[in-house]
1. In nm, give the distance between the simple-model label positions of N98 and Y176, each being 7 Å from the Cα along the Cα-to-Cβ direction.
2. 7 Å from Cα along Cα→Cβ at both E119 and V59: what's the point-to-point distance in nm?
3. May I ask you to derive the relative contact order of region 75-168, considering only C-alpha pairs under 8 Å and at least 6 residues apart, and to give it as an integer percent?
4. Would you please classify the overall shape of the chain from the alpha carbon gyration tensor, given that a ≥ b ≥ c denote the square roots of the eigenvalues, rounded means a/c under 1.5, and beyond that prolate means a/b larger than b/c while oblate covers the rest?
5. For the chain, return all DSSP H helices satisfying: extent of Cα atoms along own axis at least 30 Å; mean Kyte-Doolittle hydropathy at least 1.0.
6. Compare D152, D121, D142, D77 by solvent-accessible area with a 1.4 Å probe and give them largest first, with all protein chains kept in place.
7. Suppose a student asked you for the relative contact order of the chain, using Cα pairs under 8 Å spaced at least 6 residues apart; what percent would you report?
8. Region 4-70: which GluC sites (Glu not before Pro) are DSSP loop and have at most 15 other beta-carbon atoms within 10 angstrom?
Amino acid sequence: MGNLKLAAGVEIPAIEVAKLGGGKIQLGKMEGSFPWQMVVVYRGKHCPLCTKYLRELNVLLPRYHEEGVYVTAVSADSAEKASEQMREVKPDFPIGYNLSIPQMQQLGVYISNPRSPEETDKPFAEPGIFVINEAGKLQIVDISNAPFARPDLQTLLMGIEFIRNPENNYPIRGTY
């Protein structure tokens, strides 16, 4: 059964998830002085590629912040599994957990069943990135059905820098 995919240029659905360390994360809600938000949906603790990707994101985080982008990451993992993985990642950005199947469907990410109980214990989201602009619209949408296909974070940052430069007058693409 397929999910409806979010279209570029629409508002991200109001989704609230639990935040590691306490509190909540509101996907699509701008934080502080950051006019943009980037939501990284990752597969979970069972995925070593996710751990590597989140570490790379953490290294680039100051540059994303300089560009006015608030970054958060979220998975379907339990608080315990997310905490274990984040001890390896040591992120300086907030981590959401317990993303539900209906929330994954709202985001339009691909959802997979675990291959075995050793992998994980419930359906999980495949990778997705949602970049929300100052108007609350999806400026960039990237979803994948496999852990091997994700945007390069450095290239993505360069694209955001180009888009946010007012001299470029760059529109949201893919809205035909």
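The values are calculated or read from the model by the stated rules, or taken from the named source; none is laboratory data. On a predicted model such as this, the values are computed, not experimentally measured, just so you know. Virtual Cβ from ideal backbone geometry, glycine too; neighbours counted across all protein chains shown. Calculation scope for accessible area: heavy atoms of the full protein, side chains included, ligands and nucleic acids excluded. Shrake-Rupley method; radii C 1.70, N 1.55, O 1.52, S 1.80 Å.
1. About 4.4 nm, to one decimal.
2. Label at E119, label at V59, 2.8 nm between them.
3. 19
4. Values: a/c = 1.69, a/b = 1.39, b/c = 1.21.
Verdict is prolate for the chain.
5. Numbers: long enough: none.
Sorted by number, there is nothing, because no helix extends far enough and scores high enough.
6. Working: D152 85, D121 115, D142 50, D77 5 Å².
The most accessible residue leads, giving D121, D152, D142, D77.
7. Numbers: 342 pairs, mean separation 49.2, N = 176.
Contact order relative to length: 28 percent.
8. Numbers: sites: E11, E16, E31, E56, E66, E67; in loops: E31, E67.
Loop-located and lightly packed - E31.
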